[in-house]
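The values are calculated or read from the model by the stated rules, or taken from the named source; none is laboratory data. Note that the structure is predicted; figures quoted are calculated from it, not measured. Cβ coordinates were reconstructed from backbone atoms using ideal geometry, including for glycine residues, and neighbour counts include every protein chain displayed. Protein only, heavy atoms only, side chains kept; ligands, DNA and RNA dropped before computing areas. Shrake-Rupley method; radii C 1.70, N 1.55, O 1.52, S 1.80 Å.
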Amino acid sequence: AITQSMQSSLHLEHILDVLAEQIVHAGIFRSLMVALVDEAAQTAEVVRSVTRVGADGVLMSPYVNVESVGRRFGLADDDLTAKTARAGKMRVIEGTDERFDTSHLTSKQRTGQVFYFVPVVRDGSVVAVLATGSKSEDREEMLYKLRVMQPLLDQVAIALDHAQLHQSLQKKIVEIERINANYHQELTERRRAERALKEEYQLREAETALRVRVASIDEPQDLFALVEGISRQLHQLGVTHEHCSLQVVNKSGDDFISLSKENAFHTSRTWSKLADLSWDRDSGNMEDYPWIIEEWKKKETRYEPSNPRGNRLPEGISVLDVPFPHGTLALSTNTVHAFSDRDIEIAERLAGVISF
C-alpha cells in the first residue's frame, strides 16, 4: 500500500509524506529522518523528521530525531548523513559516536542507543538518506527489518527519482515561461517604443509641413489652404474627422469667422476682415457658439464626446476645439466618443504651430 501510494504521484511532497509518516505509523520504525540528496549542488537537506507517539501520548523514541528539518549539509562534510550520501553504504552507529549534532542530542540521550543511516540508491546514485534508531538490545531486529525493507527502499528510490525529475522539469518549464514572458514583455515594450518613435517622427514632419505653409501665407485667402493642409495632416496621423475649420477671432475678442473648405468666403469684405482681424462684431456666432470665445480666452481645449441637444450643432456628434493664438482649431465627426487622448494631443501639437 505504501509503494502504491508513492508511485501514484509525481509530487515530491506527497511522496515524502507517505514515506515519513506511513512507515512510522505502520510500526516499521519508531522514528524516521529523511534527507534528500542533490548531487548537482553537492548537498543533502533534511526534509522530514517524525517520531511515533505511544498510546499514552509519550514519544516512544524521543532521541532518534538526530537532525532538524531544513538542515543542509555539504556532501564533503564530516557528518553521518553526508558520509552516508557520499559512500552510498548503510552506517550503523553506536550512541557514543561524536559525529552527531550535539545541539540536538546529548551524550546521555545517545547512551544505549543505535542509529542507522540508510542510503536510498537509484542507478548507483544516492537520492536520499533515511535515519532511524533503536535501543541497543533491538539492534539485530532492526537490521533484519532494514534487510526485509530493501525492495521497498528500491521502490522509494524510483518514486523519489521520478518525483525529483518531475520537479526539475517543472522548474525548467516555469523558468522557460518566465524567460518567454520577459522576452515577450521586452518585445512588446520595444515595439511600443518603436511605434511611439515613429509616431513622434511623423508628428514632427507634420508640424514642419504646417510651419512651411504658415510661413507662405501672403493673402488672407491663403488661410483656406492652411485649413485643408491641417485636415490632411490630421488624417495622415490617424485623427479621423468629417469637418475641420479654423475659428478666427477678431482683435476685440467679441466675434469670429469660421474658415473651412466647405464655407470658403470669396467676398472682398471677408478678405478685408481677415487682413487685420479688426472688424466690428457683425455676426451671431457669439450667441450660437459661445464656447469658442470662452475656450480661446482660457486657452483650454474643449472636447464634447457627444454633443448635447440645444445648440446649433447636430446632436450626438463629437466636437473638439483647440485654441491657438488667433482662435481655435475645430474638429468634428458624426460618431460619439470619436477622439482619443492621443488624437487630442496631436490636434494640440498642430494647433501649436498655427500663427499668422
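Each label was represented as a point 7 Å from its Cα along the Cα-to-Cβ direction; for Val212 and Val336 these points are 4.2 nm apart. Heavy atoms of the protein chains alone define the surface here; on that basis the stretch 221-356 has 49 Å² accessible area per residue at 1.4 Å probe size.
With the simple spin-label model, which puts each label point 7 Å out from Cα in the Cβ direction, the Met90 to Ala275 separation comes to 11.7 nm. When the pairs Lys83/Lys135; Lys145/Lys172; Lys198/Lys298; Lys171/Lys198 are compared against a 30 Å limit on Cα-Cα distance, Lys145/Lys172; Lys198/Lys298; Lys171/Lys198 fall above it.
Quick one: if the Förster radius is 35 Å, what FRET efficiency do Arg312 and Lys198 give, using the C-beta to C-beta distance and rounding to 0.05? The calculated FRET efficiency here is 0.35. What whole-number value in Å² describes the accessible area per residue of the stretch 114-192 for a 1.4 Å probe? Accessible area per residue: 59 Å². Each of Lys261 and Lys298 was given a label point 7 Å from its Cα along the Cα-to-Cβ line. The distance between the two points is 3.2 nm. Sorting 167-177, 34-44, 111-121 by their mean Cβ neighbour count within 10 Å, with the most densely packed peptide first, gives 111-121, 34-44, 167-177.
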